[in-house]
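Single-structure report; data block below.
The values are calculated or read from the model by the stated rules, or taken from the named source; none is laboratory data. If you're wondering where the values come from, they're calculated on a predicted model, not measured in any experiment. For neighbour counting, all protein chains shown are included, and Cβ atoms are generated from backbone atoms with ideal geometry for every residue, glycine included. Accessible surface is based on the protein model in full, side chains and every heavy atom, while ligands, DNA and RNA are left aside. Shrake-Rupley method; radii C 1.70, N 1.55, O 1.52, S 1.80 Å.
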2 protein chains.
Amino acid sequence: MDLLEEKFLKLGAEHAPGQEGRQNMSEIKLRGEKIPGTPVDFSHGDVDAFQPIPGSLDVFNEGVHLGGKQAYTEYRGSQIIREDAARKLAHFTGTSIDADRNLIITPGTQGALFLAMGSIIARGDKVAIVVPDYFANRKLVEFFDGEVVPIQMDYFQTNRCAGLDLTQLEDAFKDGVKLFLFSNPNNPTGVIYSSDEISEIAKLANRYGVTVIADELYSRQIFDGNTYTHLCAESDIDPEQVITIMGPSKTESQSGYRLGVAFGSSKIINRMEKLQAIVSLRAGGYSQAVLKTWFAEPEGWMTKRIAQHQAIRDDLLSKLHTAEGFHVRATEAGSYLFPSIPELEVTIEEFVKILRLQADVIVTPGTEFGSQFVNSFRINFSQDHQAAVAAMERVIQVVEFYRK
Amino acid sequence: MDLLEEKFLKLGAEHAPGQEGRQNMSEIKLRGEKIPGTPVDFSHGDVDAFQPIPGSLDVFNEGVHLGGKQAYTEYRGSQIIREDAARKLAHFTGTSIDADRNLIITPGTQGALFLAMGSIIARGDKVAIVVPDYFANRKLVEFFDGEVVPIQMDYFQTNRCAGLDLTQLEDAFKDGVKLFLFSNPNNPTGVIYSSDEISEIAKLANRYGVTVIADELYSRQIFDGNTYTHLCAESDIDPEQVITIMGPSKTESQSGYRLGVAFGSSKIINRMEKLQAIVSLRAGGYSQAVLKTWFAEPEGWMTKRIAQHQAIRDDLLSKLHTAEGFHVRATEAGSYLFPSIPELEVTIEEFVKILRLQADVIVTPGTEFGSQFVNSFRINFSQDHQAAVAAMERVIQVVEFYRK
């Protein structure tokens with residue numbers, strides 16, 4: 001097998017969220033009857049249940065009517081829109097962001113992540129990533145021929161911090177790690193890094209000269225008045241060492257417009273633009289206009305959206321807490337839950353397929369987030385409230401059928 | 001300087017079309033007065049002068065109203081839209097295309113090119129590219145750590161074929177080239193490969209087991225009833241060896257929606273989807289809907305559009321033919337002209353900056369398409385007709401000021 005063959009085998013997307021329709025289901029045998037109920041796809045948020053920011057489409061249409069100057073922006077995105085986004089994000093994070101030097105508009109936050117990692121990782125570079133964390137992180141490091149250095153996060157150990165193993169992180173940094181990448185709130189667990197953890201990450205990165213990418217995609221959707229700390233606002237770290245990634249695809253439901261931003265280090269943003277030039281030129285020109293609605297939502301809209309999600313979380317947690325052998329930490333921010341389940345007589349990948357066939361429920365297997373999560377799955381609970389609760393009841397029933 | 005630093009230096013986008021606003025102009029000194037006239041940006045087509053296919057925005061809006069299923073498609077794109085595109089492209093090229101296995105929707109044709117090359121090129125692989133050809137081709141090979149093997153195309157030698165050096169191509173194939181990439185019609189010259197040339201490329205690729213990417217972005221805009229031959233329809237080549245790239249960004253003016261397609265080898269399309277999963281997930285979901293308008297233009301629309309472009313070409317050619325020391329081959333398809341100009345006392349990059357300052361005209365320096373084109377520039381003449389002709393007069397005037 002040649003190198004590229006191997007590389008693309010590792011890049012397998014069969015179990016990735018949203019790709020379930022391409023799975024081979026021929027080997028799956030069900031125990032018990034199909035359980036009826038409204039289908040729920042927990043692999044991503046339901047933008048029909050929680051619609052995009054009001055006015056998103058109007059702003060898109062206005063963008064189209066601007067014509068050529070909206071269609072053909074600089075590769076890093078329209079200057080006017082960058083200026084608007086930079087101002088709003090500087091206010092949100094408590095930092096200063098120069099729209100001309102420190103920010104790029106990208107095709108989704110996935111685009112931002114790809115461009116940032118491609119701009120930092122050279123062949124053989126050590127890259128520390130958290131376990132568990134977003135499923136593409138490992139794949140990106142491998143694609144760019146970096147070496148993954150896993151850092152454990154024991155999210156069940158406490159609820160006062162994320163549970164990142166800072167000793168392991170320091171050892172990794174000492175050992176020559178060039179880049180540290182983490183999502184905050186963490187995907188898939190929904191836990192927030194404490195201000196002590198963020199402060200320590202900043203100090204260690206500074207001490208060992210490590211670049212950090214903070215994926216803050218869900219950082220606006222904070223529950224229970226929790227405290228959130230932006231790494232980029234820490235005084236202990238050189239701003240040129242940090243790239244922060246955000247976007248309106250999740251809480252704001254604008255995923256269909258494929259928009260994200262990365263801000264921070266001007267050197268890395270410059271490289272990201274050069275890479276963007278050969279990857280896909282720019283984020284869709286007309287779509288860029290939609291960023292104007294971001295951080296400019298109608299009065300009370302965001303508060304209500306957060307409250308609605310917190311209510312869904314609470315009902316799902318009640319269900320999960322009464323299910324035998326389930327273990328879960330409450331989401332602190334964002335729309336993910338990452339329960340562990342009792343040992344089954346099938347693998348987690350088989351269980352996911354069974355769940356889809358038998359209960360019309362799609363979840364993402366834990367193994368997408370780290371190979372040891374063979375008894376966990378992730379859900380995105382940004383769904384119709386009643387349908388989500390009923391679907392979780394079906395998940396618990398199916399677990400009963402296959403429990404060891 | 002580290003490896004990555006070097007890599008990104010080579011990726012320089014300063015002179016790339018559309019990035020002129022980021023150029024350093026401080027060193028430029030002008031001879032003579034500013035020449036007044038309507039500003040023309042020849043670096044890309046003007047979608048205000050030639051607007052997108054009628055109804056594009058309506059179809060986008062319908063896509064948004066479909067909600068979640070349009071926002072979250074499979075990574076390779078919505079199945080319904082792939083089926084529609086596959087049917088239309090099979091008819092256009094005279095091949096058969098299985099929508100499920102042989103086609104992927106991408107963020108623009110740039111996205112298709114990036115994904116295809118990333119799916120084929122392993123470190124150290126030899127990749128043959130035509131000189132001159134699309135400016136990103138070389139950069140893509142270098143980004144993926146491949147080795148560029150240039151194949152000369154002597155487009156001034158004849159007007160009965162593109163002028164590709166087939167002996168050099170065979171030598172390169174013999175010498176272990178893995179991938180051959182070419183645009184047809186050629187960017188920047190607008191010449192079409194003859195059916196003999198295409199047939200010979202197919203035979204050579206087949207004989208030496210070389211994969212071929214055919215970038216056919218402008219293949220619908222054919223002038224003077226010229227013959228166009230699709231490589232993918234050649235019987236001498238295994239369909240699994242070919243990827244064809246097309247999209248509605250140029251003749252159809254839908255660049256602002258960022259849409260492209262790649263079709264052909266199922267093995268490569270599979271890899272492209274895996275790569276898309278980590279690059280930007282998918283082409284913008286709502287934008288994908290706009291592909292429905294492609295190859296479904298109103299009766300007569302395409303014929304008229306082609307005639308309008310041919311008329312602009314003819315007027316520009318008249319101007320160029322009378323300008324002393326200019327040399328140009330007539331565009332056979334697409335909207336590019338690639339004239340060579342007399343020797344100047346400034347470099348072509350300086351000339352391009354001067355032109356922008358002195359005459360409000362933007363062109364792309366020949367050196368973006370091959371380092372030897374120090375006396376050429378490319379224009380995209382999909383512009384307001386009168387403004388384009390007047391701008392070309394100003395270009396000729398400015399050349400006079402700086403001629404050796």
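Structure above, values below:
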{"item": "Using a 7 Å Cα-to-Cβ projection, A:Arg123 label spacings across copies, nm, ascending", "result": "0.3"}
{"item": "Principal-axis tilt of helix B:266-279 within chain B, Cα atoms, nearest 10 degrees", "result": "70 degrees"}
{"item": "Shape of region B:216-343, Cα gyration tensor, a/c cut at 1.5", "result": "prolate"}
{"item": "Considering only region A:56-293, percent of DSSP beta bridges that pair antiparallel, nearest 5", "result": "35 percent"}
{"item": "Percent of Cα pairs exceeding the 21 Å cut-off, where the set is region A:56-293", "result": "54 percent"}
{"item": "Helical mean residue ellipticity (222 nm; -39500 (n - 2.57) per DSSP H run of 4+; nearest 500) of the protein assembly as shown", "result": "-11500 deg cm²/dmol"}
{"item": "Average accessible surface area per residue within region B:56-293, 1.4 Å rolling probe, Å²", "result": "30 Å²"}
{"item": "Reference-scaled alpha-carbon Rg (2.2 N^0.38 Å with N residues) for region A:341-382", "result": "1.09"}
{"item": "List B:Lys10, B:Lys29, ordered by accessible area with a 1.4 Å probe, largest first", "result": "B:Lys29, B:Lys10"}
{"item": "Nm distances between copies for B:Gln310, ranked from closest, using label points 7 Å along Cα→Cβ", "result": "6.7"}
{"item": "Inter-copy label distances at B:Ile28 (7 Å, Cα→Cβ; nm, one decimal)", "result": "6.0"}
{"item": "Shape category assigned to region A:95-236 from the gyration tensor of Cα positions, a/c cut at 1.5", "result": "rounded"}
{"item": "Cα-based Lys pair tally, region A:1-151, threshold under 30 Å, eight or more apart or on separate chains", "result": "7"}
{"item": "Where Rh is the Kirkwood radius over Cα pairs, Rg/Rh for the protein assembly as shown", "result": "0.98"}
{"item": "Between 0 and 90°, nearest 10: helix A:56-66 axis offset from chain A longest Cα axis", "result": "40 degrees"}
{"item": "Degrees separating the helix A:385-402 axis from the principal Cα axis of chain A, which is the longest one", "result": "50 degrees"}
{"item": "Within a Gaussian network of chain A (alpha carbon springs, distance under 10 Å), most fluctuating of A:Arg356, A:Arg282, A:Arg31", "result": "A:Arg31"}
{"item": "Over chain B, volume per residue of the alpha carbon convex hull, in Å³", "result": "145 Å³"}
{"item": "Debye log10 I(q)/I(0) at q = 0.16, 0.19 Å⁻¹ for region B:295-336, Cα point scatterers", "result": "-0.50, -0.62"}
{"item": "Taking chain A and dividing mean pair separation by its residue count, relative contact order in percent (alpha carbons under 8 Å, at least six apart)", "result": "25 percent"}
{"item": "Surface share of carbon and sulfur [accessible, 1.4 angstrom probe, percent] for the protein assembly as shown", "result": "47 percent"}
{"item": "1.4 Å probe, heavy atoms, protein only - residues of region A:68-91 losing at least 30 Å² accessible area vs chain alone", "result": "A:Gly68, A:Tyr72, A:Glu74, A:Tyr75"}
{"item": "Where B meets A: accessible area buried, both sides, 1.4 Å probe, Å²", "result": "5800 Å²"}
{"item": "Anisotropy class of region B:1-89 from Cα gyration tensor, a/c 1.5 cut", "result": "oblate"}
{"item": "Within the protein assembly as shown, percent of DSSP bridges classed antiparallel, to nearest 5", "result": "45 percent"}
{"item": "Restricting region B:317-362 to GluC sites (Glu not before Pro) in coil, as DSSP defines it, with at most 15 other Cβ within 10 Å", "result": "B:Glu324, B:Glu343, B:Glu345"}
{"item": "In region A:6-37, GluC sites (Glu not before Pro) in a DSSP loop with at most 14 other beta-carbon atoms within 10 Å", "result": "A:Glu14, A:Glu27, A:Glu33"}
{"item": "Antiparallel content of DSSP bridges confined to chain B, in %, to 5", "result": "45 percent"}
